[in-house]
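See below for the structure under consideration.
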C-alpha cells in the first residue's frame, strides 16, 4: 500500500505538504487551552467558563465556517487549492497574534476576551481547511484505490501529532514561557502555504490520468496488473459462456438418460391399444 502511494509522486508530494500544515494547525489547537490557562488574564470572567467558551465556540464556528466557505467559493469561483490557501492564511493569524504580544503590552493574547474571539476565527477556518484538504487529496487518487490512499492520509495526520507538542514543550522549558513556542506552528503554516502555492494541481491530476491509462493498457496486454498489494485479473467472459453452454448440454443429456424404462414401456402398450 505504501509502495503504491509512493509511485504516485503527486499524491506523495501532497502528503508531505499535508504533514507540515496539519502539524502546525494541530499544535495550535493542542496548546491553546494550556496557553489560555497559564499566560492569559481573564479578569472578571471565571477561568473555567472562559476555557469552556473557547472550546465550544471553536467547534460551533467550524460548522458555520464550512457552510460560509462553500458559498464564498461558489460566488467567487475559486479553486479548491485557492480556498485551502486562504483558510491556512486565516489559521496563521492566531500564533502570529500571540507572538505580537511579546512587543505589545496590552494585546496579543493578554486578555480572556481575545482568546474567545480568536478561537471563533480559528474554528471558522479549521472546518473548511479539513474539508478542502481532503477534497484536494481526493483529486490525486487513482480510481479504485481510495481506501489505501486515505489510510496513508490518516496515518500522516496522526503521525504528526506527537512531533509538535514535543517541540513546543522543549521551547517552553528553555524560554520559561509558552509564548515563544508559538513561532513553531507559525513557521510550519507559512512553510506549507509557500509549498502549496507552488504545487501544480492540474499537472498532478494529469499524471494520475496517465497512470490510470497505463494500468488499462497493462490489462489489455498482460491480462493483469498490480494495484497496491492486490493482483487484478480480468475475467474472460467468452470462456465462461462456453463453459456454461457445455454444462447445460451435459445436464440435458443426463436428464434424457435417466428417463424410467417402465414409463417408455407403458407408452408403447397404449399405442398398441
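Nothing in this text is a laboratory measurement; each read-out follows from the coordinates by a stated rule. The shown structure was predicted, so the numbers you read here are calculated from the model rather than taken from an experiment. No Cβ is skipped: glycine too gets one built from the backbone with ideal geometry, and neighbour counts run over all protein chains shown.
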- Task: Could you pull out which residues in segment 131-171 have an amide N less than 17 Å from a spot 7 Å beyond the Cα of residue 214, following the Cα-Cβ vector?
- Result: 140-145
- Hey, can you rank 206-218, 88-100 by average C-beta count inside 10 Å, highest first? 88-100, 206-218
- Measuring from label point to label point, each 7 Å out along Cα→Cβ, what is the residue 78 to residue 202 span in nm? 1.9
- Query: How many nm separate the modelled label positions at residue 162 and residue 139, each set 7 Å beyond the Cα in the direction of the Cβ?
  - Reply: 3.3
- Task: Give the peptides 79-86, 102-109 in descending order of average Cβ contacts within 10 Å, highest first.
- Result: 79-86, 102-109
- Task: Report Rg/Rh for segment 4-163, rounded to two decimals, where Rg is the Cα radius of gyration and Rh the Kirkwood radius.
- Result: 1.03
